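Here is the structure we will look at, set down as structure tokens.
The values are calculated or read from the model by the stated rules, or taken from the named source; none is laboratory data. All values derive from a computational prediction rather than experimental measurement. Reconstructed Cβ throughout: ideal geometry from the backbone, glycine too, with neighbour counts over all protein chains shown.
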Amino acid sequence: MLETDRALYIRQNPYEDSPQPIPNSRATISAPHMHALSLCELLPEPGASVLDVGCGTGYLVSCFARLVGVQGIVVGIDHIPTLTDLARSNIASDLGVRETGGKIEIVTGDGRLGYPAAAPYDAIHVGAAAPRVPDALIDQLKMPGKMYIPLGEAGGDQHMWVVTKDRTGKITKKKTIGVRYVPLTDA
Ligand code: SAH
């Protein structure tokens, strides 16, 4: 995160530990402490493949890209085209000539369906709250693989869940901290 300058992703109060509204959208960039928690929880190894659902500004995509390095791949998906354009230009301003050389793909589409073209993933991060874990995202986890996802209703009771798939394909879900996210919804 120290290598990923938040000011390249959000102009308003980039160094405050609070969420900020993304201009011309109803989305927000999460607070740095939330991004830190997500990165620590998933902590992909060099060479891993990562899917970031609801990639917004693209900040977390770049953090993941720095973790997975040259052999890794990071896919960011968002359903709002202006946001995927924003993510692409933010990431280009940061990782323009990518020092790590790994692969980053920013896709416009419904993140509830994941992104089968690059599946399966070692790690899936979801940046918007769903009523339940989308089946497609579970299907697209590697064995073993890990997902970090906020579950719960918009404006209601929401928590981060850690969903793991083990080597045999067994799924385990663990409820963690209370949070407040925008909904994972229709465009
Ligand atoms: N993690 C990002 C943005 C978080 S805001 C950041 O910190 O910058 C949540 C994002 O989820 C928004 O950009 C919103 O457009 C996106 N989103 C909501 N529902 C979605 C869906 N069904 N598919 C893809 N993206 C979705």
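Results, tabulated for the structure shown:
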quantity: Residue list for the range 47-74, filter: under 9 Å from the mean Cα position of the chain (by Cα) and within 23 Å of Ile138 (Cβ to Cβ); calculated: Val50, Leu51, Asp52, Val53, Gly54, Cys55, Gly56, Leu60, Val61, Phe64
quantity: Wholly enclosed strands (runs of 3 or more DSSP E) of the range 83-187 bearing at least 1 residues in contact (Cβ under 8 Å) with a residue 60 or more places away in the chain and surrounded by 15 or more Cβ atoms within 10 Å (Cβ to Cβ); calculated: 121-126, 141-152, 158-165
quantity: Leading residue by the ranking (farthest from Gly47 (Cα to Cα)) among those in the range 131-148 that are hydrophobic (A, V, I, L, M, F, W, C) and within 12 Å of the ligand (Cβ to nearest atom); calculated: Ala136
quantity: Test: residue in the range 35-47 that is of a type outside the set (D, E, K, R), closer than 15 Å to Ala128 by Cα and free of Cβ contacts under 8 Å to residues at least 40 places away in the same chain; calculated: yes
quantity: Which numbered condition Val68 misses (of (1) more than 23 Å from Lys173 (Cβ to Cβ); (2) among the hydrophobic types (A, V, I, L, M, F, W, C); (3) within 16 Å of the ligand (Cβ to nearest atom)); calculated: (3)
quantity: Residue check, Leu43 surrounded by fewer than 21 Cβ atoms within 10 Å (Cβ to Cβ) and aliphatic (A, V, I, L, M); calculated: yes
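Rundown of residues vs (1) within 11 Å of the ligand (Cβ to nearest atom); (2) modelled with pLDDT of 95 or more, yes/no style:
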{"position": "Ala129", "(1), (2)": "yes, yes"}
{"position": "Gly155", "(1), (2)": "no, no"}
{"position": "Val162", "(1), (2)": "no, yes"}
{"position": "Thr168", "(1), (2)": "no, yes"}
